[in-house]
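The values are calculated or read from the model by the stated rules, or taken from the named source; none is laboratory data. In this text, all values refer to a predicted model and were calculated from it rather than measured experimentally. We place every Cβ from the backbone using ideal geometry, glycine too, and count neighbours over all the protein chains shown. All accessible areas refer to the heavy atoms of the entire protein, side chains included, with ligands and DNA or RNA removed. Shrake-Rupley method; radii C 1.70, N 1.55, O 1.52, S 1.80 Å.
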Amino acid sequence: MRTRQVEVVWKALDELRVELPSWGFANTGTRFGKFIQVAAATTIEEKFSDASQVNALTGACPTLALHVQWDLPKGLEDASKVKELAKKHGVKPGSINPNVFQDQEYKYGSLANPDVSIRRRALKHVHDCVAIAEALGCRDISPWFADGSNYPGTQSIRKRIGYFEEGLKEVHAALRPDQRLLVEYKPFEPAFYHTDVADWGMAFLLAKAAGPQSFVLVDTGHHYQSQNIEQIVAWLLHHGMLGGFHFNDRRYADDDLTLGSIDPYQVFRIFHEILTFQAETGTAMDIAFMIDQSHNLKGKIEAMIQTVCTAQELYAKAAAVDHERLQGLQQSCSLVDAEECFRGAFWLDVRPIIAEWRKFKGLPEDPLKAFRDSGYLERITQERRDSHAGATSGYAQ
Ligand code: RM4
Ligand code: MN
Ligand code: MN
């Protein structure tokens, strides 16, 4: 491997931070049912503990995203407990995710519900999340809205745009100066006719309307088949509107598969857009890289380690692209050489460099193996054996 490549890969690995999702350590399933894992976390303490394992083994995950309803059921009151856990486990709370999709009230929507009292209820929850974020020292408030409708003609799509603009402006006005509001989009599910924030254009316009501290969140699983995600990323970068990512992979819809398990080249191309933008503009981008995966079949902690290692490998490959050379080849429209320069980096085996980097940082060269050797899984499997009573719930039961 050439020295330049080794240098850029090390620098990239030093930079890359990936946020873990608290819900990725818990029992989850599909809408058809849950398969319980004895080792899954059922308390916020266990989620912090599991996340700290992933961070200790990879050195790349200092924060844990929290879902307010699942992790802080008493809201702000629970903040002090979270602070203590963060201190104890050496992982800080990360993005704060409101939940305005689960309660019965939200059957016809949250911020876009035709009923003003339900819109107010949802807004109050998001406001509470801003306060929780402040109490915990978290920068990002990251709501996902399930709002939409199932049948043509049953809702005013246009009116609901107005409701969203109004609501997000109000939330934005409550943000502290260092906080950000990230607007996530998703084309469908649970709404199957129209979703109020369905794509990056809608999220972009809503974030713009909300105010300058609002940005777009790209969940890699929230696109139609064959959509060019790196092009979306390039547009968001160009407009200074890229706030962060929810990493996962998908084959069909929002499948929550492990990052890069279906299409690693796509992740490489997304990273390339970011790294090439940074190289060309000389600006270090402040993008929140977060995982949003719920593995119901794989072991939770193993799957997270696998994901972080995959992100590191693909980020390192993208960093290895010779930007200057590629720029010249693009300029002269040397198509084959440009493509070879680009995909050459994708095919580089960066794993030996990453292993060296890990060794230098005092991290295990093979985090997955180190986890398996640690005995942690056996210990929690014993300890958590009896904590899953009542955790199964069937679909349509
Ligand atoms: C959605 C979306 C959100 C996540 C919920 C549970 O599909 O990806 O980010 O919080 O699922
Ligand atoms: Mn998501
Ligand atoms: Mn999703």
Of everything in the stretch 21-56, what is open to solvent by 20 Å² or more (accessible area, probe 1.4 Å), among the small types (Gly, Ala, Ser) and closer than 22 Å to ASP219 by Cβ? Give them in sequence order.
GLY29
Check on VAL233, among the β-branched types (Val, Ile, Thr), within 16 Å of ligand 1 (Cβ to nearest atom) and either within 15 Å of the chain's Cα centre (by Cα) or under 30 Å from LYS169 (Cβ atoms) (or both):
no
Answer yes if at least one residue in the stretch 194-201 is open to solvent by 30 Å² or more (accessible area, probe 1.4 Å) and closer than 18 Å to GLN227 by Cβ, and no otherwise.
yes
Name the residue that is nearest to ligand 1 (Cβ to nearest atom), counting only residues in the stretch 240-249 that are crowded, with 19+ Cβ neighbours inside 10 Å and either over 16 Å from GLN266 (Cα atoms) or among the charged types (D, E, K, R) (or both).
GLY244
Is there any pair with a first residue in the stretch 125-151 that is among the polar types (S, T, N, Q) and a second that is open to solvent by less than 10 Å² (accessible area, probe 1.4 Å) whose Cβ atoms are under 7 Å apart and which are 6 or more apart or on different chains, and what are they?
SER142/SER95; SER142/ILE96; SER142/ASN97; SER142/LEU182; SER142/GLU184; SER142/LEU217; SER149/ALA191; ASN150/ALA191
Taking the stretch 147-184 and keeping residues open to solvent by 20 Å² or more (accessible area, probe 1.4 Å), in a loop (DSSP other than H, G, I, E, B) and either of a type in the set (D, E, K, R) or within 16 Å of ligand 1 (Cβ to nearest atom) (or both) leaves ARG176, ASP178
Could you check the stretch 200-225 and list, in sequence order, the residues that are outside any helix (DSSP H, G or I) and within 14 Å of ligand 2 (Cβ to nearest atom)?
VAL216, LEU217, VAL218, ASP219, THR220, GLY221, HIS222, HIS223
Within the stretch 226-252, restricting to residues that are of a type in the set (S, T, N, Q) and either closer than 20 Å to ILE96 by Cβ or at pLDDT 95 or above (or both), the one that is nearest to ligand 2 (Cβ to nearest atom) is ASN248
Do we have MET290 as over 20 Å from GLN327 (Cα atoms), of a type outside the set (Gly, Ala, Ser) and crowded, with 20+ Cβ neighbours inside 10 Å here?
yes
Matching residues in the stretch 185-199 (in contact with a helix residue (DSSP H, G or I) (Cβ under 7 Å, 6 or more places away or on another chain) and part of a strand (DSSP E or B)) number 1
Would you say ALA234 is part of a loop (DSSP other than H, G, I, E, B), of a type in the set (Gly, Ala, Ser) and either touching a residue at least 24 places away in the same chain (Cβ under 8 Å) or closer than 19 Å to TYR315 by Cα (or both)?
no
Suppose we keep only residues that are among the hydrophobic types (A, V, I, L, M, F, W, C) and out of contact with any strand residue (DSSP E or B) (no Cβ under 9 Å at 6 or more places or on another chain) within the stretch 58-78. Which one would you say is least open to solvent (accessible area, probe 1.4 Å)?
ALA60
Name the residue, out of ALA112, ALA86, that is in a loop (DSSP other than H, G, I, E, B), open to solvent by less than 20 Å² (accessible area, probe 1.4 Å) and in contact with a Lys or Arg (Cβ under 9 Å, 6 or more places away or on another chain).
ALA112
With the structure loaded, tell me whether GLU134 is open to solvent by 30 Å² or more (accessible area, probe 1.4 Å), out of contact with any Lys or Arg (no Cβ under 6 Å at 6 or more places or on another chain) and not in a strand (DSSP E or B) or whether it fails that test.
no
Given the condition within 16 Å of ligand 3 (Cβ to nearest atom) and under 20 Å from PRO21 (Cβ atoms), answer yes or no: does some residue in the stretch 229-237 qualify?
yes
